[in-house]
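A short worksheet on the structure shown next.
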Amino acid sequence: MQYLDHFLGYPIPLLVKNLIIAVVAILAGLLLKFIIHKIFILLSRWWDFILIKSTIKHLRRPVAVFIPLLFVNFSLDIMQMPVAYRHPLDKALEIALTAVFALILVRIINVLEDYFYFKYDLNKENNLKERKIRTQLQFVRKFIVSLIIIITAAIILLSFESMRKIGAGLLTGVGIGGIIIGFAAQKSLGNLLAGFQIAFTQPIRIDDVLIVEGEWGRVEEITLTYVVVSIWDQRRLILPITYFIEKPFQNWTRVSAELLGTVFLYLDYTIPIEPLRQELSRLLNANPLWDKRVNVVQVTDSTKDGAIEVRFLMSATNSSRAFDLRCNVREAMIAFIQTHYPESLPKRRLEFKDKFDGL
């Protein structure tokens, strides 16, 4: 056994000295991590800034692993060990550092995402700009995270000599293999390109109100391959992302969150219209859901069943308020007609002719 030094007259084995160096490196890394963490804690108390709090939240644990690993990697230069042990240790540390560094990059993206989510808050009446930024941010984040994972996996695999040989062998058959992979990945690439198109042309955005497949809901999530629409009754409608490129759908908040709401009532020809206008004005002025933009009563049609179609048009700042406002007005107008003009409710008329009239 080789000996490098002595302690109290006793020789120190090489393995023990290497372990001491490794432990000291780890402790030094933990100490540096502790100092950095305390600095950020103090900054968060003095300066209430979202980036500092988010950095502490997302990067605390990955940095706590990365710094000690980095110190251990540096300490290998002063360790003495056989090549048979040094090479596997170098390789393990290289893989660990690569993986943890990739995790740190992902967490940095999460920190930036928190900052933009704080800056562009969706809790506004007219949040068109915020929804636009968040839609692009969500797609770009998922794309960059996927790219980081793919590149990290490629770096780790290509660090092995055997993997390089396999890769070189695969490249010789790239002609036929490329055609096969191209056909196999055609749909996936189509989804990815559709995702880019949606992220930057934005036929839909996060929190948009849609009528799709006969359902009313809000866009809850946009991924690289599918879109999640939250239906009004808390169901989730999952649609491929290419759906919104290839098929028609209604987007109620494409230009603005403000909406017009309509209520249709079918009444008898005897109903007077002017009292209905006055009652609608009274109802809307007393209702906080109305944004005071539109207040209209119109006879829009007449039916073969002897009724007229009366449209009550009103406005609200967003789709949820417009829906509630429509329900309130519909209920109140029916009660008003039942109370003041019950004879004008829809009725069927039957005409009887005496068979002797023509005699």
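A straight chain from Arg277 to Glu221 at 0.36 nm per residue would run longer than the Cα-Cα distance by 16.0 nm. Sorting 109-116, 17-24 by their mean Cβ neighbour count within 10 Å, with the most densely packed peptide first, gives 109-116, 17-24. Working from Cα pairs under 8 Å separated by at least six residues, relative contact order for region 259-344 is 41 percent. For the pair region 226-297 / region 314-329, the C-alpha centres are spaced 6 Å from each other. The listed residues Thr223, Thr201 rank as Thr201, Thr223 when sorted by accessible area, largest first, using a 1.4 Å probe.
Once all protein chains are placed together, Trp216 keeps about 60 Å² accessible to a 1.4 angstrom probe. Label-to-label distance for Arg254 and Ser230 is 2.4 nm, based on points extended 7 Å past Cα in the beta-carbon direction.
The values are calculated or read from the model by the stated rules, or taken from the named source; none is laboratory data. Every value quoted in this text rests on a predicted model; they were computed, and no experiment measured them. Here the Cβ is made from the backbone with ideal geometry for all residues, glycine too, and neighbour counts use every protein chain on show. Heads up: the accessible areas ignore ligands, DNA and RNA and are worked out on the full protein's heavy atoms, side chains in. Shrake-Rupley method; radii C 1.70, N 1.55, O 1.52, S 1.80 Å.
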